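**Q** Below is one structure. I have some questions about it.
Coordinate-derived values only; no laboratory data. As the structure is a prediction and not an experimental result, all values here were calculated from the model. Positions of Cβ are generated from backbone atoms using ideal geometry, with glycine treated the same way; all protein chains shown enter the neighbour counts.
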Ligand SMILES: [Fe+2]
């Protein structure tokens, strides 16, 4: 099973770099479409539209219609939950009704669980006791398959970057960590929010953080000739080994190729990929 992950596109028609943000998403979808073997599914870990406006979600969904794989979204702090729900109402991935946008995707060898950590009180995450009961119910609804959880806010202490704690209340993060460790079937957590590629763990569970798809907002050190090229994550699952994660740089444009000479090995082969199996991801 192959999962492509995009995150933090911050689509915003009023931004000075609005066209670049839209282009970054379009290029990423095109690159995912060209993966061989193809991606089975795309997960989108929030901050989809910077201001949560319907007009921005319209642009997002029109770009996502180019995707060959089905797309499943989790909201970020910049999203508007109800506008997001309305924009994706025809996509069958969001539960109907009000309240948080947790749901399960049952169509693959690994169950995908979207977890909504958004609160109106803070840009950081939240995870209340009633949400914990709901997520335990979702985890326990199926007892045979491994589970990958995807959400916006990293539920561990991220020691790279300015702010290690991405939940407004430390007890909320501890509660979510406890729920994620409730079942041994939870084998990976995929998230975004901090705009940089990094990884950590919750007990035995690897947590992989995808970089910001919007290149103008991406954190981390990238050489000059890669600064305009979106980077996304490809998570490959094999039953015997769990997940391995590759940070993939999208195909260069003709203009970028001219600045790119001598860097042919930028998308490494499997031996060089960042492994995210339980044995080889270290906190970072
Ligand atoms: Fe973001």
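**Q** Compute the label zone of residue 33 within the stretch 43-62: residues whose backbone N is under 16 Å from the point 7 Å along Cα-to-Cβ.
**A** Under cut-off, by backbone N: 60-62.
**Q** Could you sort the peptides 202-215, 9-22 by per-residue average Cβ neighbour count (10 Å cutoff), highest mean leading?
**A** On the way: 202-215: 23.1, 9-22: 18.2.
So the peptides 202-215, 9-22, ranked by packing, come out 202-215, 9-22.
**Q** Please give the FRET efficiency for residue 107 paired with residue 184, using the beta carbon to beta carbon distance and R0 = 22 Å, rounded to the nearest 0.05.
**A** Values: r = 22 Å, r/R0 = 1.01.
Rounded to the nearest 0.05, the efficiency is 0.50.
**Q** Just need log10 I(q)/I(0) for the stretch 2-275 at q = 0.09, 0.11, 0.13 Å⁻¹, Debye formula, equal scatterers on the alpha-carbon atoms, no solvent, rounded to two decimals.
**A** Cα-only, vacuum Debye calculation for the stretch 2-275: -0.38, -0.57, -0.82.
**Q** Continuing with this model, one more query. Where does the stretch 13-126 land on Rg(C-alpha)/(2.2 N^0.38 Å)? Walk me through the numbers on the way to the answer.
**A** Working: Rg = 14.2 Å, N = 114, 2.2 N^0.38 = 13.3 Å.
This ratio for the stretch 13-126 stands at 1.07.
**Q** In nm, what is the difference between 0.36 nm times the number of residues separating residue 221 and residue 91 and their Cα-Cα distance?
**A** Working: separation 130, 0.36 × 130 = 46.80 nm, distance 3.58 nm.
Value of the extension gain: 43.2 nm.
**Q** Right, something else. Would you mind listing how long the stretch 223-264 runs along its three principal axes, going by Cα atoms, in whole Å with the largest first?
**A** For the stretch 223-264, the Cα spread along each principal axis is 41, 17, 17 Å.
**Q** Moving on. Give me the three principal axis extents of the stretch 101-165 from the C-alpha atoms, as integers in angstrom, largest value leading.
**A** 39, 26, 15
**Q** Ranked from highest to lowest mean number of other Cβ atoms within 10 Å per residue, what is the order of the peptides 1-8, 142-149?
**A** Numbers: 1-8: 24.2, 142-149: 16.5.
Top of the packing list down: 1-8, 142-149.
**Q** Do the sum for the chain: with -39,500 (n - 2.57) for every DSSP H run of n ≥ 4, divided by all residues, what is the mean residue ellipticity at 222 nm, to the nearest 500 deg cm²/dmol? Don't skip to the answer; put the middle values down first.
**A** Values: 6 runs with 63 residues, N = 284.
The helix-only estimate for the chain comes to -6500 deg cm²/dmol at 222 nm.
**Q** Hey, fewest Cβ within 10 Å first, where do 216, 197 land in order?
**A** Numbers: 216 14, 197 21.
Least to most surrounded, the residues fall as 216, 197.
**Q** Also: First check a/c for the stretch 70-188, with a ≥ b ≥ c the square roots of the eigenvalues of its C-alpha gyration tensor; if it is under 1.5, answer rounded, and if not, answer prolate when a/b is larger than b/c or oblate otherwise. Let's see the in-between values first.
**A** Values: a/c = 1.67, a/b = 1.12, b/c = 1.49.
It is oblate, given that a/c is not under 1.5 and a/b is not larger than b/c.
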